[in-house]
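The values are calculated or read from the model by the stated rules, or taken from the named source; none is laboratory data. Because the structure is predicted, anything quoted here is derived from the model rather than measured. Virtual Cβ from ideal backbone geometry, glycine too; neighbours counted across all protein chains shown.
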Amino acid sequence: MRDVQRYKLGLLLSACVVLAPGLAAAQTGDDYPSRPIRAVVPFPAGGINDIVAREMFKTLGDTLKANIVIENKPGAGGTIGTVSAINSPADGYTILLGAASTIAVAPNLYRNAGYAAKDLIAVGGIASVPSVIIVSANSPYKTFASLVAADKAKPGSLDYGSAGFGTSHHMQAEMLNIRAGTHFRHIPYKGGAPATVDLIGGQIALLVDPLPTTLGNVKAERVRPLAITTDVRSSTLPDVPTLKELGVDYNASTWFGLFVAKGTPAPVVAKLAKALAAAQADPALQKDFRARGIDPLPMPQAAFTDYVQAESKTWADVIRDAHIEMQ
């Protein structure tokens, strides 16, 4: 009996010896990455989230000398894909494209989002996209001031569209109502494209639309830009004033960052953060981003972590002050 026990103990010790180097490497990040990395994008292919992810993760993969495989996993406002990334092994081989809507808005908006910001580690910033307040080219409103005046003359008479409940269109327009004292009424659509069609056709009065998706319509003169939501003008639309210039205390953007599940070894996170910073510095990536109306967001881990926390509070306050009921 003792011989059997000694034999089993010997097997166990041998296994520990064999596994120890692998475990040590995982903890130190020495051999990371040694296999393909899965990048979860919790939105459909083709949208702004997907564009940002594909551009950044290609450059990040080149920097890490690794194959990064993008997995689009949309649904429930981006929460399905986010939960999938959080529930994956915390080893750095699943990374997540986090966005303002999924990280700062969804946990404050949905009772059963399935996660909170504390379930993730913020690795660093990727990009930031200003939004543009647009009206149809045939709209009677030539300026933001005339749009606000029309609303205040008859509160609740003007509708704004959105790509759906909880999207950037929705949240940023509600922040506008709070900061500008307007009463624009929400009409949710199943995506930004049908909302834009109705805007151009005159069925709704305005949209607060991300710059990259609205740029084509601005250039084609199908829509008229009235104001930019960030506190500095966009180099892509340099003649469009900021809301702050127009007297509204407003600064909001749709931002994106790199996240991993809580519990990912610190050396692996550090290696990802270093590679992300190097990818951000790539001139070709910067040029491509800016041509699309996307601003690089080269924010290191500590600063980005603070930024995410501040953004979460901002949007929680908007949801509360706009009396938006949790779903």
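What to note about this one:
- Of all residues in the range 248-262 being among the aliphatic types (A, V, I, L, M) and in a loop (DSSP other than H, G, I, E, B), the one that is nearest to Gln280 (Cα to Cα): Ala252
So that you can scan it fast, the table gives a plain yes or no per residue for (1) surrounded by 13 or more Cβ atoms within 10 Å (Cβ to Cβ); (2) modelled with pLDDT of 95 or more; (3) in a loop (DSSP other than H, G, I, E, B):
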residue: Leu9; (1), (2), (3): no, no, no
residue: Leu12; (1), (2), (3): no, no, no
residue: Cys16; (1), (2), (3): no, no, no
residue: Ala24; (1), (2), (3): no, no, no
residue: Val40; (1), (2), (3): yes, yes, no
residue: Asp62; (1), (2), (3): yes, yes, no
residue: Ile70; (1), (2), (3): yes, yes, no
residue: Gly77; (1), (2), (3): yes, no, no
residue: Asp91; (1), (2), (3): yes, yes, yes
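- No other residue among Ala85, Ala90 is closer than 14 Å to Val40 by Cα and touching a Leu at 6+ places or on another chain (Cβ under 6 Å) apart from Ala85.
- Within the set Val268, Val223, Val240, the sole residue that is in contact (Cβ under 8 Å) with a residue 60 or more places away in the chain and out of contact with any strand residue (DSSP E or B) (no Cβ under 7 Å at 6 or more places or on another chain) turns out to be Val268.
- Of the helices (runs of 4 or more DSSP H) lying entirely inside the range 106-189, those containing at least 3 residues that are outside the structural domain of Gln301 (by TED's automatic domain parsing) and crowded, with 20+ Cβ neighbours inside 10 Å span 144-153, 168-180.
- Candidate set: the range 195-247, residues that are assigned to a helix (DSSP H, G or I) and hydrophobic (A, V, I, L, M, F, W, C); chosen: the one nearest to the chain's Cα centre (by Cα): Leu211
- Checked against the criteria, Leu97 does not count as in a helix (DSSP H, G or I) and either among the hydrophobic types (A, V, I, L, M, F, W, C) or surrounded by fewer than 20 Cβ atoms within 10 Å (Cβ to Cβ) (or both).
- Within the range 289-308, tally of residues that are of a type in the set (S, T, N, Q) and under 14 Å from Ile48 (Cβ atoms): 0
- Residue check, Phe304 crowded, with 16+ Cβ neighbours inside 10 Å, out of contact with any Pro (no Cβ under 9 Å at 6 or more places or on another chain), outside the structural domain of Thr214 (by TED's automatic domain parsing) and of a type in the set (Phe, Trp, Tyr): yes
- Enumeration of residues in the range 293-327 that are acidic (Asp, Glu) and modelled with pLDDT of 95 or more: Asp306, Glu311, Asp317, Asp321
- Residue count for the range 243-265 under the criterion of being over 26 Å from Met299 (Cα atoms) and either touching a Lys or Arg at 6+ places or on another chain (Cβ under 6 Å) or in contact (Cβ under 8 Å) with a residue 60 or more places away in the chain (or both): the result is 2.
- Selection within the range 195-238 - over 17 Å from Phe144 (Cα atoms), of a type in the set (Lys, Arg) and touching a Lys or Arg at 6+ places or on another chain (Cβ under 8 Å): none
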